[in-house]
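Before any comments, here is the structure.
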Ligand code: SF4
């Protein structure tokens with residue numbers, strides 16, 4: 001079980017945790033990856049960015065999810 005809070009996960013993952021272009025992938029073994037969807041059209045962006053991403057020209061904050 002993963003007891004990490006959202007805040008500490010954001011610290012570990014960096015910008016991808018809150019970016020509208022990221023897609024969270026969970027492996028069969030429970031590992032979490034963040035796929036950068038910009039990589040599909042722009043080779044400048046890695047498919048699986050090395051975390052934490054601390055600055056990124058493609059970062060767009062995702063809209064807040066409903067409570
Ligand atoms: S655009 Fe940058 S911050 Fe957003 S998912 Fe891709 S690598 Fe992460």
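A few notes on this one:
- Qualifying residue in the range 6-20 (condition: surrounded by 11 or more Cβ atoms within 10 Å (Cβ to Cβ), at negative phi, assigned to a loop (DSSP other than H, G, I, E, B) and at pLDDT 90 or above): yes
- Looking across the range 27-54, the residues that are under 12 Å from the mean Cα position of the chain (by Cα) and either assigned to a strand (DSSP E or B) or exposed (fewer than 12 other Cβ atoms within 10 Å of the Cβ) (or both) come down to 32, 33, 34, 35, 36, 50, 53, 54.
The values are calculated or read from the model by the stated rules, or taken from the named source; none is laboratory data. All values derive from a computational prediction rather than experimental measurement. Using ideal geometry, Cβ is built from the backbone for each residue, glycine included, and neighbour counts are taken over all protein chains shown.
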